[in-house]
Amino acid sequence: MVLAPFFDYLLLEKKYSKYTVQAYKKDIESFVAFCLQEYKISDIDRIEYTLVRSWVVSLVGEGVANRTVNRKMASLKAYYKFLLRIEAIEVSPLVKHKALKVSKKIEVPFSEEEMEKVLSQIVYPKGFEGVRDKLMIDLLYATGMRRAELIHLKCNNVSLETRSLKVLGKRNKERIMPMLESTVELFLQYFKERKELCVIKDEGNVFLLKSGNKIYETLVYRVINGYFSKVSTKVKKSPHILRHTFATHMLNKGADLNSVKELLGHSSLASTQVYTHNGIEVLKKVHASAHPRGRKL
């Protein structure tokens, strides 16, 4: 097997993040373990599709969601595509594999009223953590950046003078994002509080814990879920829903799809178009009011 070169390929050539590569590694190693346990096969480079199909049946039987099974298959497919690329095999065993059917995820964005309540009406704790939490929420909503981009945001990539910041997105793609005046004001408050910390261990990172260490994924989720639970009854309250909310509200207010695409850091319009369905009610109103036959007689 050539697993190590494959993971290096994802990391160095495809520019995937270490977290993404780790996910690929976990999926493929899971399949290797299955083949070894069920069929005493330790080398998966040259196998028949029946083994893959058997793994799919096993996963579904264990109650693994179809969406998760499809992700595992995508990892496996990428590995065999790599083997084809280096001419280690002639045909991928997944060449005829079809993804399992999944129901479309409906992610409901926060309303403008909910955003207003969280950013302007609820009371945040005084001091460092309260200011930090509010800035994180404001920044996610005002820019649409990803949670990972927020966590790894560097101080030297934030320019309060030009009201802009630089983030490192997927596949190490950089993009410059504008900031609102309200966000700049929160940054000024936050940096003032940040200077008062007794110890700063991760000096380069913008967002820190009170201990001076860099924030982590679970903390960001807890912050978003905690504050939005005070104003919203929506089932899902996560950093990604804030990104979803940013895109939906921008489109609802008339922003063009290409501009939103650039702000989100998407490589294609297809990725951005998933947000357009949320604006259908707005489109209905525009259509009814603008079309000659849409007005009531």
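Close Cβ contacts (under 8 Å, 6 or more residues apart or on different chains) running from residues in region 60-87 that are at negative phi to residues that are part of a loop (DSSP other than H, G, I, E, B) and small (Gly, Ala, Ser) comprise Asn70/Ala99; Met73/Ala99; Lys77/Ser92; Tyr80/Ser92; Lys81/Ser92; Leu83/Ser92; Leu84/Ser92.
Just give me the residues in region 253-263 being of a type in the set (S, T, N, Q) and touching a Leu at 6+ places or on another chain (Cβ under 9 Å), in sequence order.
Going through region 253-263, the residues of a type in the set (S, T, N, Q) turn out to be 258-259.
Hit for region 253-263 is Asn258, nothing else.
Looking at Lys25, Lys40, just one residue is farther than 17 Å from Val69 by Cα and free of Cβ contacts under 8 Å to residues at least 24 places away in the same chain, and that residue is Lys40.
Across region 141-178, the number of residues qualifying as part of a helix (DSSP H, G or I) and either surrounded by fewer than 14 Cβ atoms within 10 Å (Cβ to Cβ) or basic (Lys, Arg) (or both) comes to 6. Say whether the condition of being in the same structural domain as Leu139 (by TED's automatic domain parsing), surrounded by 13 or more Cβ atoms within 10 Å (Cβ to Cβ), modelled with pLDDT under 85 and in a loop (DSSP other than H, G, I, E, B) is met by at least one residue in region 272-284. Looking for residues that are in the same structural domain as Leu139 (by TED's automatic domain parsing), surrounded by 13 or more Cβ atoms within 10 Å (Cβ to Cβ), modelled with pLDDT under 85 and in a loop (DSSP other than H, G, I, E, B), one finds at least one in region 272-284, hence yes. Considered as a group, the residues in region 134-161 that are of a type in the set (Ser, Thr, Tyr) and in contact with a strand residue (DSSP E or B) (Cβ under 9 Å, 6 or more places away or on another chain) include one that is nearest to Met115 (Cα to Cα), and that residue is Thr143. Here Lys96 meets each of (1) part of a helix (DSSP H, G or I); (2) farther than 30 Å from Lys237 by Cα with one exception, condition (1).
Of the residues making up region 85-94, those that are surrounded by 14 or more Cβ atoms within 10 Å (Cβ to Cβ), farther than 19 Å from Ala33 by Cβ and among the aliphatic types (A, V, I, L, M) are Ala88, Ile89. Within region 212-224, can one find any residue that is under 14 Å from Glu129 (Cα atoms) and assigned to a strand (DSSP E or B)? Checked region 212-224: at least one residue is under 14 Å from Glu129 (Cα atoms) and assigned to a strand (DSSP E or B). Quick one: in region 31-79, of everything that is among the small types (Gly, Ala, Ser) and not in a helix (DSSP H, G or I), which residue is surrounded by the fewest Cβ atoms within 10 Å (Cβ to Cβ)? Taking the candidates together, the pick is Gly63.
Any chance region 200-207 includes a residue that's out of contact with any Cys (no Cβ under 9 Å at 6 or more places or on another chain), more than 30 Å from Glu262 (Cβ to Cβ) and either assigned to a loop (DSSP other than H, G, I, E, B) or modelled with pLDDT under 95 (or both)?
Taking region 200-207 as the starting set, the residues that turn out to be out of contact with any Cys (no Cβ under 9 Å at 6 or more places or on another chain) are 200-202, 207.
Narrowing the set further to residues that are more than 30 Å from Glu262 (Cβ to Cβ) leaves 200-201.
Going one step further and asking which of them are either assigned to a loop (DSSP other than H, G, I, E, B) or modelled with pLDDT under 95 (or both), we end up with 200-201.
Yes, the conditions are met somewhere in region 200-207.
Residues that are within 24 Å of the chain's Cα centre (by Cα) and aromatic (Phe, Trp, Tyr) were ranked within region 179-235; the one that is surrounded by the fewest Cβ atoms within 10 Å (Cβ to Cβ) is Tyr216. Looking at Lys261, Lys236, just one residue is at pLDDT 65 or above, assigned to a loop (DSSP other than H, G, I, E, B) and in the same structural domain as Val223 (by TED's automatic domain parsing), and that residue is Lys236.
Selection of region 225-276 for residues being farther than 23 Å from Lys134 by Cα and among the polar types (S, T, N, Q) yields Asn252, Asn258, Ser259, Ser267, Ser268, Ser271, Thr272, Gln273, Thr276.
The values are calculated or read from the model by the stated rules, or taken from the named source; none is laboratory data. Model, not experiment: these values are computed from the prediction. All Cβ positions, glycine included, derive from the backbone under ideal geometry; neighbour counts span all protein chains shown.
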